[in-house]
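The values are calculated or read from the model by the stated rules, or taken from the named source; none is laboratory data. Predicted, not measured: the structure shown is a model, and the values here were computed from it. Methodologically, a virtual Cβ is constructed for each residue, glycine included, from the backbone with ideal geometry; neighbour enumeration extends over all protein chains shown.
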Amino acid sequence: MKKRLIVLLVIPLLIYIGSLAPILRGGLGIRQIFPESEYEIRIGCSSLTPLHCMFGEVFNHTDILARHNLRGNIIFFEHGKDQAESCGKNMVDITFSCEIPAILHMARCPGLRIIGTPGALGRIALIVPEGSSILTPEDLRGKDIMIHDGSSAAMAIDRWLKDAGIDPRNDVKLIYSDMDGVVKRLSSGEGDAVVSWDPWLEIFVKDYDMRILKQRLFYSAIVASDRFLRKYPKAAELYVTALEEALLWSSNNIDDVSGWISARSGIDKMAVEKVMLLNENFILRESEKEINFGMTEEAMKILDECNDFLVYQRSIPADFNIRSKIYSLLPAK
């Protein structure tokens, strides 16, 4: 009889406690102990871009993804083009790109979207040999300039030359090449100037005795497939939040992280650290609230300029608009 009485008393108590659980979780801001679900996500990262490589290495060495209910498969690529094509071919779900390449990928692969930006990847710069008589962009008239085709560097030199009163199509010779070709030409003494970007820029200045005439920052883009966004929108949101935490973790453990990146990429550890410290979200951050991966109007303005340049270059259709490819997961802080 006593056992039956105890059961009758305990059942209402359990029901009452159960009714309080949603209130405790939501009203008091207490996180659920058990996740509603775990999402599998295939992540593409560049081994030769310090900021992008950083995310892959931190995810491999920490439990950040797991704490955001994500089970990640990190795939490293050497080239951004390979990353975007893999995303378009359903080999990865989310990857990274930047400015001009991002828009080219969007135009060629309709199933891709930009969902945010981790900020600056480093510098793009116009550089010349230390002993060169070229002192300003105005001195480039009639000169040979080496440049990597299909990159944000192409837009940078176009603007710098026009600002100097030089016609990029008629007053200079632009020599388009991949990065290996640029290095070979520099080593053989060819070319009067180079337009490059970090981390190669840092290497050229340090190891090839070059000096900077003009420079600007260039910016990353987080790219995801439409297929993944439609199927797992919550996973994409969790992933961007995990990226923010990974960046904060890196800023507090830069020595370890730069070592991992250097080991994978073969790039000097000090050069890696210098490039990473150019990122505005990386510098002296103490909490995720200070980190902004949302698409700010400033970020959109940069993409608009890149879009206009590619239309001018006839690299994308005249009616292509990058703003139609933005998938806003998080508001800009």
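Looking only at residues in the range 244-300 that are among the acidic types (Asp, Glu), over 14 Å from Leu121 (Cβ atoms) and outside any helix (DSSP H, G or I), which one is modelled with the highest pLDDT?
Initial filter on the range 244-300 (among the acidic types (Asp, Glu)): 244-245, 255-256, 268, 273, 280, 286, 288, 290, 297-298.
Filter again for over 14 Å from Leu121 (Cβ atoms), leaving 244-245, 255-256, 268, 273, 286, 288, 290, 297-298.
Pick out the ones that are also outside any helix (DSSP H, G or I) and you get 268, 286.
On the way: Asp268: 93, Glu286: 65.
Checking each candidate, the answer is Asp268.
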Worksheet, complete the sentence: Only one of Ile127, Ile115 is outside the structural domain of Phe228 (by TED's automatic domain parsing), touching a residue at least 12 places away in the same chain (Cβ under 8 Å) and farther than 15 Å from Thr49 by Cβ, namely Ile127
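Yes/no matrix, rows are residues, columns are (1) at pLDDT 95 or above; (2) within 30 Å of Gly122 (Cβ to Cβ); (3) surrounded by fewer than 13 Cβ atoms within 10 Å (Cβ to Cβ); (4) more than 17 Å from the chain's Cα centre (by Cα):
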position: Ile11; (1), (2), (3), (4): no, no, yes, yes
position: Tyr16; (1), (2), (3), (4): no, no, yes, yes
position: Gly27; (1), (2), (3), (4): no, no, yes, yes
position: Pro35; (1), (2), (3), (4): no, no, no, yes
position: Ile43; (1), (2), (3), (4): yes, yes, no, no
position: Asn60; (1), (2), (3), (4): yes, yes, no, yes
position: Asp63; (1), (2), (3), (4): yes, yes, yes, yes
position: Asn69; (1), (2), (3), (4): yes, no, no, yes
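Tell me, please, whether a residue that is among the aromatic types (Phe, Trp, Tyr) and under 29 Å from Arg185 (Cα atoms) can be found in the range 58-75.
Pass one, the range 58-75, residues among the aromatic types (Phe, Trp, Tyr): 59.
After this cut, where a residue has to be under 29 Å from Arg185 (Cα atoms) as well, the list is none.
Checked the range 58-75: no residue is among the aromatic types (Phe, Trp, Tyr) and under 29 Å from Arg185 (Cα atoms).
What do you reckon, is Val194 among the β-branched types (Val, Ile, Thr), surrounded by 19 or more Cβ atoms within 10 Å (Cβ to Cβ) and either at pLDDT 95 or above or assigned to a helix (DSSP H, G or I) (or both)?
Working: among the β-branched types (Val, Ile, Thr): yes; surrounded by 19 or more Cβ atoms within 10 Å (Cβ to Cβ): yes; either at pLDDT 95 or above or assigned to a helix (DSSP H, G or I) (or both): no.
No, not satisfied.
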Worksheet item: Can you name the helices (runs of 4 or more DSSP H) wholly within the range 43-139 that have at least 1 residues being among the basic types (Lys, Arg) and under 17 Å from Ser225 (Cα atoms)?
Response: 80-88, 99-108
Worksheet item: If you go through the range 140-184 one residue at a time, how many are within 27 Å of the chain's Cα centre (by Cα) and assigned to a loop (DSSP other than H, G, I, E, B)?
Response: 6
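Looking at the structure I just gave you, is Ile283 touching a strand residue (DSSP E or B) at 6+ places or on another chain (Cβ under 6 Å) and under 30 Å from Met155 (Cβ atoms)?
Numbers: touching a strand residue (DSSP E or B) at 6+ places or on another chain (Cβ under 6 Å): no; under 30 Å from Met155 (Cβ atoms): yes.
It is false that Ile283 is touching a strand residue (DSSP E or B) at 6+ places or on another chain (Cβ under 6 Å) and under 30 Å from Met155 (Cβ atoms).
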